[in-house]
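Asks: After the structure tokens below, expect a handful of questions from me.
We did not get these values from a lab; they are worked out from the coordinates using the rules stated. Computed from a prediction, not measured in an experiment: that's the story for all the values here. All Cβ positions, even for glycine, are placed from backbone atoms using ideal geometry, and neighbour counts span all protein chains on display.
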Amino acid sequence: MAVSLTVDQLAAELRIGDGTTPLVEPMAGIMDRLLGACSEIVEHYAPAAPESVQNRAVVRLAGYEYDASPTSNRFRNGFQNSGAQALLAQYRVARAVLVED
């Protein structure tokens with residue numbers, strides 16, 4: 001599975017655009033970077049999650065990151081605090097790692 005959101009759809013989910021009208025710079029660039037980074041995080045964490053769940057997790061994480069103050073250290077884990085991690089938790093595959101001396 002893979003995230004299928006477009007930049008315009010993400011903007012609409014975050015109430016920044018209407019989902020059909022293309023965004024203008026610099027907002028288009030901001031949304032593009034958010035979509036790319038959040039998609040990578042979500043797909044890496046739970047690659048087997050259904051597309052719809054991955055999309056919701058990206059929206060949650062992107063919204064959290066977009067609204068976060070760049071100077072605040074109060075909340076450092078946006079993936080967890082946004083609820084994205086909880087959405088994907090049941091699709092996460094736990095792996096054992098061999099540790100040797």
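Asks: Mind ranking 88-94, 7-13 by how tightly packed they are, going by the mean number of other C-beta atoms within 10 angstrom, highest first? Please list the in-between numbers first.
Replies: Values: 88-94: 12.0, 7-13: 20.4.
My ranking of the peptides, most packed first, is 7-13, 88-94.
Asks: Compute and list, largest first, the equivalent-ellipsoid semi-axes of the chain from the alpha carbon gyration tensor, each √(5λ) rounded to a whole angstrom. Provide the component values of the computation, followed by the final result.
Replies: Details: eigenvalues 146, 57, 25 Å².
Calculated on Cα positions only, the semi-axes equal 27, 17, 11 Å.
Asks: Order the peptides 37-47, 55-65 from the highest to the lowest mean number of other Cβ atoms within 10 Å of their residues.
Replies: Working: 37-47: 18.4, 55-65: 22.7.
Result, highest mean first: 55-65, 37-47.
Asks: Would you tally the net charge around Ala49, using a Cβ to Cβ cut-off of less than 15 Å, leaving Ala49 out, and scoring K and R as +1, D and E as -1?
Replies: Details: positive: Arg56, Arg60, Arg92; negative: Glu40, Glu43, Glu51.
Value of the local net charge: 0.
Asks: From a point 7 Å beyond the Cα of Ser72 in the direction of its Cβ, which residues of region 31-61 have a backbone N at a distance under 17 Å?
Replies: Only 60-61 pass the distance filter.
Asks: Mind giving me the FRET efficiency for Ser52 and Glu100? R0 is 30 Å, r the Cβ-Cβ distance, nearest 0.05 is fine. It would help to have the intermediate numbers written out before the result.
Replies: Values: r = 41 Å, r/R0 = 1.36.
Computed FRET efficiency for Ser52 and Glu100 comes out at 0.15.
Asks: Next question, about the same structure. Quick check on packing: order 79-87, 22-30 by the mean number of other C-beta atoms within 10 Å, highest mean leading.
Replies: On the way: 79-87: 18.1, 22-30: 11.9.
Descending packing order for the listed peptides: 79-87, 22-30.
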